[in-house]
Amino acid sequence: MSNKITLDNIQSKNLRIAIIGLGYVGLPLAVEFGKHFPISGFDINQDRLKQLQSGHDSTREVTGTELANASHLKFTSNVQDLSDTQIYIVTVPTPINEHNQPDLTPLFKASQTIAKTLKPGNIVIYESTVYPGATEEECVPVLEKISGLRFNQDFFCGYSPERINPGDRQHRVTTIKKVTSGSTPEVADIVDALYNTIITAGTHKAASIKVAEAAKVIENTQRDLNIALINELAMIFNKMDIDTEAVLEAAGTKWNFLPFRPGLVGGHCIGVDPYYLTHKAQAIGYHPEIILAGRRLNDGMGAYVVSQLLKTMMKRGIHIKSAKVLVMGLTFKENCPDLRNTRVVDIVDELKEYSVTVDVYDPWVSKSEAQHEYEITPIEHPVQNTYDGIIIAVAHRQFVEMGAQTLHSLGKSEHVLYDLKYIFKQEESDIRL
């Protein structure tokens, strides 16, 4: 092939790489590769680019020092700046729409952008979560049509699913084992060698792109189903007046019991990826039963939490219609500013259905982003003796440090504290999931 990329190119660092999409996945990857290779970090969000060029990352995944140390990394929104690229890595979001169907629009747009400067010998690696077959069935035709090049003759593809865990300072991009794959055996070797230059935890070379795609989508499907099981057990134990956490602690003394906990299931992975797999399953004529049952149960947890809170408030003689409730936390997980697909909004929306006044407090979130995404404006600080109900929806470390006594002081003389995240002892809260 013309302009053939070889293992020698990787070893000698004689390779130009472009990362398409500089969010939670793309930026840490660009920073790590930018320590070794000339990197173009491409994004269409001008505000995001200005922020990164000033040395600041609002996702808090990369520090200013780390950005400064990536000496070979340049940020751009100009497609022509990609003209000398040899390997493209796509790290754009793959969300679902309002009907829980895959939305491949960002993936298509990224492929269109790449195709404008795609050249013979280039390799395009996708990291975005998709269903098995999407890379070759959906993305490759876009690359071929716009570039005029032929797949596996002129250009090649790889797939290496992202495994970023937002807010996790221990499991970083370099310390999580990476699955790799390529559209030919030779390209698979090149893709694997490329990632091995930055991944200290090592790589696993999958047998094909489809295998790698499938591996990614079932990782979070498995977690989704495990959490759904624990959520259902929590509902059963609540009816039996048994503390779920106490049950899980007891069961956890067995060596092979999995340590899942009940709760809301949101975020860009667990609450989304199963729908990619079920979409493909239905497209080939199979109706998935267990996966969709787990999704229905997890998607209904916000309403279940509100029903528990309101029942307890009514038992204590608190009038619901004029009640004021504080929801603590809005992000989809603790200690990170990520609002993508947060299911805390289900709690907020459900409370408003009962004409309850809701305040949301989260020291991690951007107020403008919360307003833009969900029309929620978080308060600056909660006021003491104000609330009829308090829900700890996210286990931010600030909430843990406040302690149960301080949180109770935010409530009126008669109030209900719902510890959804088990951050306090059973006797320190009024309800636990």
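The values are calculated or read from the model by the stated rules, or taken from the named source; none is laboratory data. Fair warning: this is a prediction, and the values are worked out from it, not measured in the lab. Backbone-built Cβ (ideal geometry, glycine too); neighbour counts: all protein chains shown. Only protein heavy atoms, including side chains, enter the accessible area calculation; ligands, DNA and RNA are left aside. Shrake-Rupley method; radii C 1.70, N 1.55, O 1.52, S 1.80 Å.
Of everything listed in (1) under 25 Å from I230 (Cβ atoms); (2) assigned to a loop (DSSP other than H, G, I, E, B), the single unmet condition for Y275 is (2). Count of segment 382-411 residues, restricted to those that are of a type outside the set (D, E, K, R) and not in a loop (DSSP other than H, G, I, E, B), is 17.
Of the set (1) surrounded by 13 or more Cβ atoms within 10 Å (Cβ to Cβ); (2) closer than 26 Å to I164 by Cβ; (3) not hydrophobic (A, V, I, L, M, F, W, C), all apply to P259 but (1). What residue, among those in segment 287-300 that are open to solvent by less than 30 Å² (accessible area, probe 1.4 Å) and in a helix (DSSP H, G or I), is farthest from K421 (Cα to Cα)? Among those that are open to solvent by less than 30 Å² (accessible area, probe 1.4 Å) and in a helix (DSSP H, G or I), it is L292.
Strands (runs of 3 or more DSSP E) fully within segment 1-102 that include at least 2 residues being farther than 22 Å from G121 by Cβ and more than 18 Å from the chain's Cα centre (by Cα): 73-76. Here K421 does not qualify as surrounded by fewer than 12 Cβ atoms within 10 Å (Cβ to Cβ), touching a helix residue (DSSP H, G or I) at 6+ places or on another chain (Cβ under 9 Å) and over 19 Å from M313 (Cβ atoms). Checking each residue of segment 243-260 against the condition of being closer than 27 Å to T406 by Cα and outside any helix (DSSP H, G or I) gives at least one match. Just checking, does segment 142-157 include any residue being out of contact with any Cys (no Cβ under 6 Å at 6 or more places or on another chain), polar (S, T, N, Q) and within 22 Å of P274 (Cα to Cα)? Scanning segment 142-157 turns up no residue that is out of contact with any Cys (no Cβ under 6 Å at 6 or more places or on another chain), polar (S, T, N, Q) and within 22 Å of P274 (Cα to Cα).
With respect to (1) among the β-branched types (V, I, T); (2) closer than 25 Å to G267 by Cβ; (3) crowded, with 18+ Cβ neighbours inside 10 Å, the lone exception for V416 is condition (2).
Among the numbered conditions (1) hydroxyl-bearing (S, T, Y); (2) open to solvent by 50 Å² or more (accessible area, probe 1.4 Å); (3) closer than 21 Å to L407 by Cβ, the only one that T342 does not meet is (2). One residue is enough: does segment 301-315 have a residue meeting the conditions on the phi < 0 side of the Ramachandran plot, open to solvent by 10 Å² or more (accessible area, probe 1.4 Å), of a type in the set (A, V, I, L, M) and under 25 Å from the mean Cα position of the chain (by Cα)? Yes, segment 301-315 has at least one match.
What do you reckon, is I20 crowded, with 19+ Cβ neighbours inside 10 Å, in contact with a His (Cβ under 7 Å, 6 or more places away or on another chain) and either within 17 Å of I114 (Cβ to Cβ) or in contact (Cβ under 8 Å) with a residue 60 or more places away in the chain (or both)? No. Scanning segment 136-173 for residues that are touching a residue at least 40 places away in the same chain (Cβ under 8 Å), of a type in the set (D, E) and either part of a helix (DSSP H, G or I) or open to solvent by 60 Å² or more (accessible area, probe 1.4 Å) (or both) yields a count of 1.
Tell me yes or no: at least one residue of segment 359-372 is among the small types (G, A, S), open to solvent by 10 Å² or more (accessible area, probe 1.4 Å) and without any contact (Cβ under 8 Å) to a residue 40 or more places away in the chain. Yes: one or more hits. Please indicate, with yes or no, whether at least one residue in segment 46-66 is in contact with a strand residue (DSSP E or B) (Cβ under 8 Å, 6 or more places away or on another chain), closer than 24 Å to C269 by Cβ and open to solvent by less than 30 Å² (accessible area, probe 1.4 Å). So far as segment 46-66 goes, yes, one or more of its residues are in contact with a strand residue (DSSP E or B) (Cβ under 8 Å, 6 or more places away or on another chain), closer than 24 Å to C269 by Cβ and open to solvent by less than 30 Å² (accessible area, probe 1.4 Å). Applying the criterion of being assigned to a helix (DSSP H, G or I) and either basic (K, R) or in contact with a Lys or Arg (Cβ under 6 Å, 6 or more places away or on another chain) (or both) to the residues of segment 197-230, the residue that is surrounded by the most Cβ atoms within 10 Å (Cβ to Cβ) is K216. Cβ separations smaller than 6 Å between residues 6+ apart or across chains give no pair from segment 412-429 residues that are free of Cβ contacts under 8 Å to residues at least 60 places away in the same chain and of a type in the set (S, T, Y) to residues that are surrounded by fewer than 23 Cβ atoms within 10 Å (Cβ to Cβ) and assigned to a loop (DSSP other than H, G, I, E, B).
Of the numbered conditions (1) part of a loop (DSSP other than H, G, I, E, B); (2) at pLDDT below 95; (3) of a type outside the set (A, V, I, L, M), E373 satisfies every one except a single condition; which is it? Among (1) part of a loop (DSSP other than H, G, I, E, B); (2) at pLDDT below 95; (3) of a type outside the set (A, V, I, L, M), the lone unmet condition for E373 is (1).
Restricting K321, K333 to residues that are surrounded by fewer than 19 Cβ atoms within 10 Å (Cβ to Cβ), assigned to a loop (DSSP other than H, G, I, E, B) and in contact (Cβ under 8 Å) with a residue 24 or more places away in the chain narrows the list to K321.
Checked against the criterion of being in a helix (DSSP H, G or I), open to solvent by 10 Å² or more (accessible area, probe 1.4 Å), under 27 Å from D154 (Cα atoms) and modelled with pLDDT of 95 or more, the candidates P106, P120 yield just one match: P106. Please indicate, with yes or no, whether at least one residue in segment 391-402 is loosely packed, with under 15 Cβ neighbours inside 10 Å, over 21 Å from N238 (Cα atoms) and touching a Leu at 6+ places or on another chain (Cβ under 9 Å). No, because not a single residue in segment 391-402 is loosely packed, with under 15 Cβ neighbours inside 10 Å, over 21 Å from N238 (Cα atoms) and touching a Leu at 6+ places or on another chain (Cβ under 9 Å). Among the residues of segment 424-433, those identified as surrounded by 15 or more Cβ atoms within 10 Å (Cβ to Cβ) and not in a strand (DSSP E or B) are F424, E428, S429, D430, L433.
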